[in-house]
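The structure appears right after this line, and notes come after that.
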Amino acid sequence: MPELPEVEVVRRGVADHVVGRRIRQVEFLHPRVTRRHVPGPDDAARRCRDRVVGDAVRRGKYLWLPLVDAEGHAPDALVVHLGMSGQLLVEGAEAPDEKHLRARWTFDDDGAELRFVDQRTFGGLSLEPLLDVADGGPGGRGTTDEAPWSRTIPAAVAHIARDPLDPAFDDADFARRVRARSTGVKRALLDQGLVSGVGNIYADEALWRARLHYERPTGSLRRAQVDTLLAALREVMTAALDAGGTSFDALYVNVNGASGYFDRSLHAYGQAGRPCARCSTPIRRESFMNRSSFFCPRCQTRPRVGASTPAR
DNA sequence: ATGATAGCCTGCCTGC
DNA sequence: TGCAGGCAGGCTATCA
């Protein structure tokens, strides 16, 4: 469900309401929520107890909280992935349990709880060792350079590429790698090892802005087109962030339970049958990768079959 | 190695 | 009204 802008909205909420507080206790209320934490839920709970939440850091769609021990070290982090329907909520203890409440953290200041709610249970939590990274940490948002964990990344996030809003994202390297692929451009955008944070909504929106068909072979993209696509991704994600994210229903909300309103600004995603904002041609929906792709058949012309010859 | 599928879950909406 | 089927913002494992 949530893509980069939505996860960033949640990160900011956690930064505002949870960072700096000491965890008293954590409860895991569903076996699937800690399925990625191999040592099991009891171990995860033990590692959370009495730790201070040092920060809220994001790369792509992954969010993590370095947990600081009594010596001021953060040997590991609580890694959160929202999956399709996960939510982090900050609520008073008196708030009734949500139907799909999966985890609850309480704090020694007796303030609001942190809760993880997840209808579809594709999301998950794990306690991961923080690994030193050679190329210098997640890239700025949420991490101060002085913080001892600023050049670390959780083991489970090490395979995730930087995202387009990361100041250290390398455009030239991305262009080289994407053009070396032999696949369609939307598949490449959704590959979190190539560029992270892009999901089905913002892939379709960026492709619409860049006037590229989703099946355009990556090998035929010119460098300037990759740059246009990156610019489109940054524009649409920044605009979505400013709008508080995209909410089609109550499944995506910020930590205070509020929806975002970027759905009103979508030009392609979910717009099947409605006129393209540029040329009035009805937006088309097609099935692709077991999901939907929305595009303008006039602005985003389908590549000719066999048009996969790499551009020079 | 890269590329492309199936599967994991629950709930809601549509059409018969 | 009931029920089957399709669909949903993601990732990982496992094939080719």
Where Rh is the Kirkwood radius over Cα pairs, Rg/Rh for segment A:4-157: 0.93
For chain A, size of Cβ-based charge dipole, Lys and Arg +1, Asp and Glu -1, in debye: 2060
Extension reserve of the A:Ser265-A:Arg120 stretch, reckoned as 0.36 nm per residue once the Cα distance is removed: 49.5 nm
Net charge of neighbours whose Cβ lies under 13 Å from the Cβ of A:Gln225, counting Lys and Arg as +1 and Asp and Glu as -1: +4
For peptides A:37-46, A:177-186, sequence by mean Cβ density within 10 Å, most packed first: A:177-186, A:37-46
Å² of accessible area per residue within chain A, as computed with a 1.4 Å probe and no ligands counted: 45
Check: segment A:63-152 dipole with +1 on Lys, Arg Cβ and -1 on Asp, Glu Cβ, in debye: 540
Signed unit charges on C-beta, dipole axis of chain A, positive-most listed residue A:Trp105, A:Thr218, A:Ala161: A:Thr218
Test item: Cα-centred dipole of segment A:1-156, Lys/Arg +1 and Asp/Glu -1 on Cβ, debye: 520
Along each principal axis, Cα extent of chain A, largest first, Å: 61, 42, 31
Rounded tilt (10° steps) of A:171-180 against the dominant C-alpha axis of chain A: 60
At most 13 other Cβ within 10 Å, DSSP loop - trypsin sites (Lys or Arg not before Pro), segment A:243-286: A:Arg278
FRET efficiency estimate (nearest 0.05) - Cβ-Cβ, A:Ala95 to A:Ala272, R0 35 angstrom: 0.40
Nearest-0.05 FRET efficiency for A:Ser287 and A:Thr238, computed from C-beta distance (R0 35 Å): 0.75
Cα lying deepest toward the dipole's positive end in segment A:4-157, options A:Val90, A:Pro138, A:Leu29, charges on Cβ: A:Leu29
Debye intensity ratio in log₁₀ form over the Cα atoms of segment A:125-220, taken at each q of 0.23 Å⁻¹: -1.19
Pairs of Cα atoms farther than 20 Å apart, segment A:171-295, %: 44
Qualifying GluC sites (Glu not before Pro) for segment A:52-100 [loop in DSSP, other Cβ within 10 Å: at most 13]: A:Glu71, A:Glu94
Carbon/sulfur fraction of accessible area - chain A, other protein chains in place, 1.4 Å, %: 48
Helix axis angle, A:200-210 relative to chain A longest principal axis, alpha carbon, degrees: 40
Range in chain A, longest, excluding exposed chymotrypsin sites (Phe, Trp or Tyr not before Pro) [loop by DSSP; at most 16 other beta-carbon atoms within 10 Å]: A:123-247
Angle in degrees between helix A:4-17 and the longest Cα principal axis of chain A, rounded to the nearest 10: 20
Residue-averaged 222 nm ellipticity for chain A, from DSSP H runs of 4+ at -39500 (n - 2.57), nearest 500: -7000 deg cm²/dmol
Pairwise centroid distance, computed over Cα atoms, of segment A:166-236 with segment A:86-117, Å: 37
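The values are calculated or read from the model by the stated rules, or taken from the named source; none is laboratory data. Because the structure is predicted, anything quoted here is derived from the model rather than measured. Glycine also receives a Cβ, built like all others from the backbone with ideal geometry; neighbour counts cover every protein chain displayed. Side chains included, ligands, DNA and RNA excluded: accessible areas come from the protein's heavy atoms. Shrake-Rupley method; radii C 1.70, N 1.55, O 1.52, S 1.80 Å.
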